[in-house]
Every structure is written in structure tokens, then in C-alpha cells.
Amino acid sequence: MKNSLIYLISLLLLLSCAPKEKEAEPLSSTSPEINQNNPTMPDSVLRHVVLFAFKATSSQQDIDGIVAAFKALSSKISEIKGFEWGINSSPEGLNQGLTHAFTVTFHSDADRDTYIPHPAHQEFVGLLGPHLDKVTVIDYWTKE
């Protein structure tokens, strides 16, 4: 159980520190261009996608509590600009056991970098430890 928590924290830290590829586009990941139709919304946003597979020993009540705790982070961390989640419904069978998908939206790398070590996020990570079988995290800047 302790090893799972250490693995999860290490994975999240590793993913947040990975070097990013430079784009030929003029759009910078640290200062996205402003959307001319809505000046408060950048043309590109940073999506933090998290996929979970829960242990067979986790009850539906445990899973519901984790989902509720993840949803609550947006009210505790001002850098979160959007949050969505859902349960896999793909008929393709390619989910590799991952059942729950979460998308957290940020407007800058700095916002995401504040979120990762934030005490509310770290408390949430601690809640996950005994229940996660697998986790995948990917961050990307949206493009049209």
C-alpha cells in the first residue's frame, strides 16, 4: 500500500518534470495567445488527463468518494479552470483496465505546476493510494 502511494507520487512528479517539445507554432505554452472573441479565455489551454483503474477490493462507495474528492479540488485550487470526468463506455476494449477518466484544465504551465504540489492535491493523492490499481497521466496543449 505504501509502495503504491510512493509509486503514484513519483509518477506524477516525473510527468510534471518531463521536458516539453518545442513547437514551430508561435503559441507559447507559458503564455497562450488570447482568444479575440473571449479575452478571458486563451486560444489554447493545458489539459491534464488522468485515467484510473481501481483495485477489485475497492467498493463502489470508495470509488464514489474518490470521484467526489477529485471534483472538490476545483473549489480548493484556484488555478483549476475546468474539470470533467466520466466512466469508460468504449466498445473497443482497448482501455487496458482503465475505467475512470478525468480532465483538469489550466491556462498555463505555472497553474499546473502550482496544482501538483498543492496541499489539497497531495491530500487527494493520499486518498487514492489504497484504491488504485493503475494510473495514467498525460498533459497536452490544445490545438485546432
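The values are calculated or read from the model by the stated rules, or taken from the named source; none is laboratory data. Quick caveat: nothing in here was measured; it's all calculated off a predicted structure. Here the Cβ is made from the backbone with ideal geometry for all residues, glycine too, and neighbour counts use every protein chain on show.
Results, tabulated for the structure shown:
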{"quantity": "Qualifying positions in region 85-144 - closer than 15 Å to R47 by Cα and among the aliphatic types (A, V, I, L, M)", "calculated": "A101, V104, A110, I116, V137, I138"}
{"quantity": "Tally of residues being assigned to a helix (DSSP H, G or I) and either of a type in the set (S, T, Y) or surrounded by 13 or more Cβ atoms within 10 Å (Cβ to Cβ) (or both) across region 123-144", "calculated": "4"}
{"quantity": "Residue count, region 53-111 (criterion: hydroxyl-bearing (S, T, Y) and in a helix (DSSP H, G or I))", "calculated": "2"}
{"quantity": "Verdict on L12 being within 15 Å of H131 (Cβ to Cβ), surrounded by 11 or more Cβ atoms within 10 Å (Cβ to Cβ) and modelled with pLDDT under 50", "calculated": "no"}
{"quantity": "Qualifying residue in region 24-38 (condition: surrounded by fewer than 12 Cβ atoms within 10 Å (Cβ to Cβ), modelled with pLDDT under 95, more than 14 Å from the chain's Cα centre (by Cα) and aliphatic (A, V, I, L, M))", "calculated": "yes"}
{"quantity": "Failed criterion for S59 (all others in (1) without any contact (Cβ under 8 Å) to a residue 12 or more places away in the chain; (2) within 13 Å of the chain's Cα centre (by Cα) hold)", "calculated": "(2)"}
{"quantity": "Pairs, first at pLDDT below 95 in region 63-89, second crowded, with 16+ Cβ neighbours inside 10 Å and in a helix (DSSP H, G or I), C-beta under 6 Å, six or more apart", "calculated": "none"}
{"quantity": "Criterion: touching a Lys or Arg at 6+ places or on another chain (Cβ under 9 Å), over 17 Å from R112 (Cβ atoms) and loosely packed, with under 13 Cβ neighbours inside 10 Å - qualifying residue of Q60, Q96", "calculated": "Q96"}
